[in-house]
Every structure is written in C-alpha cells, then in structure tokens.
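Engineer: Below is one structure. I have some questions about it.
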Amino acid sequence: MTCALQARITVDDRLMFISDVRHQLDPLTDAPQTILLKMVTQRAEPKASVFGQLWVVDYVDGIGAVAAPQATFQVSEAGKAGGSGPCNSYFATAKIEGEAITISGIGSTYKACAPEVMAEEKALFDALARAASYNVEAGKLTISDKVGREILRFSAAS
C-alpha cells in the first residue's frame with residue numbers, strides 16, 4: 001500500500017514552506033522517509049500610497065496641533081495638491097519621485113480669519129513649501145524637510 005503526501009508549513013497564517021513534488025511513501029515501513037520542502041517567496045506588503053487619500057493635519061512644525069476646523073491635504077498622481085487650511089481652501093503643485101516630494105505654487109482663497117488662525121495657516125503653507133520627503137505607514141503620512149526633520153504629520157480621514 002502506498003499513499004501520497006504533501007507538506008505545508010505556515011506561520012501566523014502565512015505559507016512559508018511547501019512540498020512541490022508528490023511523494024510516494026509506504027505507511028507500513030519503519031524506514032525514515034525524506035520530504036523536501038521549498039521556501040515560498042514572500043511578497044512584500046504593498047507600500048501604502050499618498051495618492052487619492054484625504055489626509056487630516058495632526059501636526060505642523062512651529063505650532064503643533066492645528067485647532068478646529070481641521071486642515072486637510074490631498075494629492076493626485078497628476079501632481080495636483082490642495083485641501084482646506086484652518087481658514088482658506090488652498091491648491092498647489094506636487095512633484096513626487098519615490099519618497100521625495102516637492103510642493104510648489106501654493107495659492108489659496110482670500111477669506112480673513114482671526115489672527116491666530118491666519119498664523120496657523122501661514123505655518124501650514126510654509127511647511128508644505130519646505131517638504132522634501134514623505135512616508136506613509138499605518139494610516140499616517142509624515143512629511144519631512146531636506147534635513148529629514150518631521151515638519152508635517154497627517155492621519156488618513158475615514
């Protein structure tokens with residue numbers, strides 16, 4: 001009597017090793033039998049994208065958290081960026097290559113708000129203009145300046 005055996009090893013529900021050959025074995029024999037397993041190539045988790053997501057501002061360099069109303073940021077693959085500042089809507093051009101980001105041509109509507117709100121908005125626009133790199137991880141977007149110092153932090157809007 002013979003039977004076929006296939007082996008699979010998983011870790012935390014991820015397939016790690018598998019046999020890729022059908023092994024004939026005799027279950028009535030005491031002799032050791034060898035089954036060769038191959039490591040499964042693991043796919044890297046896809047990198048989260050900065051595109052197509054509305055980001056809510058959590059932190060702006062120089063002022064910390066932005067008071068209500070919440071400021072937002074969005075960027076398209078076509079290079080259009082913008083959102084809502086603490087007072088005005090704004091628009092800009094974004095150039096993204098790998099993890100590098102450049103935001104330029106920042107413009108906005110012309111509503112007037114309280115001086116402290118306008119100061120928050122100026123700090124947001126100044127930080128966007130200094131953007132040099134970004135990282136998206138676990139629903140968070142961070143933007144850093146050219147020396148790698150974090151200047152903006154966002155959370156994905158639900």
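Engineer: Do you know which residues across segment 54-70 are in a loop (DSSP other than H, G, I, E, B) and among the β-branched types (Val, Ile, Thr)?
Structural biologist: Residues satisfying the conditions are 63, 66.
Engineer: In segment 3-50, which residues are modelled with pLDDT under 75, under 30 Å from residue 154 (Cβ atoms) and surrounded by 10 or more Cβ atoms within 10 Å (Cβ to Cβ)?
Structural biologist: 47
Engineer: Identify all residues within segment 108-158 that are farther than 12 Å from residue 59 by Cβ, touching a residue at least 60 places away in the same chain (Cβ under 8 Å) and of a type in the set (Val, Ile, Thr); write none if there are none.
Structural biologist: 136, the sole residue that qualifies.
Engineer: Can you find even one residue in segment 103-115 that is within 15 Å of residue 141 (Cα to Cα) and out of contact with any helix residue (DSSP H, G or I) (no Cβ under 9 Å at 6 or more places or on another chain)?
Structural biologist: No, there is no match, as no residue in segment 103-115 is within 15 Å of residue 141 (Cα to Cα) and out of contact with any helix residue (DSSP H, G or I) (no Cβ under 9 Å at 6 or more places or on another chain).
Engineer: Could you check how many residues of segment 108-136 are β-branched (Val, Ile, Thr), over 16 Å from residue 70 (Cβ atoms) and surrounded by 14 or more Cβ atoms within 10 Å (Cβ to Cβ)?
Structural biologist: 1
Engineer: Please work out which residue is surrounded by the fewest Cβ atoms within 10 Å (Cβ to Cβ), limiting yourself to segment 92-102 and to residues that are out of contact with any Ser or Thr (no Cβ under 6 Å at 6 or more places or on another chain) and of a type in the set (Val, Ile, Thr).
Structural biologist: 102
Engineer: Then there's this: Residues 62, 83, 105, 139: which one is at positive phi and buried (at least 19 other Cβ atoms within 10 Å of the Cβ)?
Structural biologist: Working: 62 fails: buried (at least 19 other Cβ atoms within 10 Å of the Cβ); 105 fails: buried (at least 19 other Cβ atoms within 10 Å of the Cβ); 139 fails: buried (at least 19 other Cβ atoms within 10 Å of the Cβ).
Checking each option against the conditions leaves just 83.
The values are calculated or read from the model by the stated rules, or taken from the named source; none is laboratory data. All values derive from a computational prediction rather than experimental measurement. We place every Cβ from the backbone using ideal geometry, glycine too, and count neighbours over all the protein chains shown.
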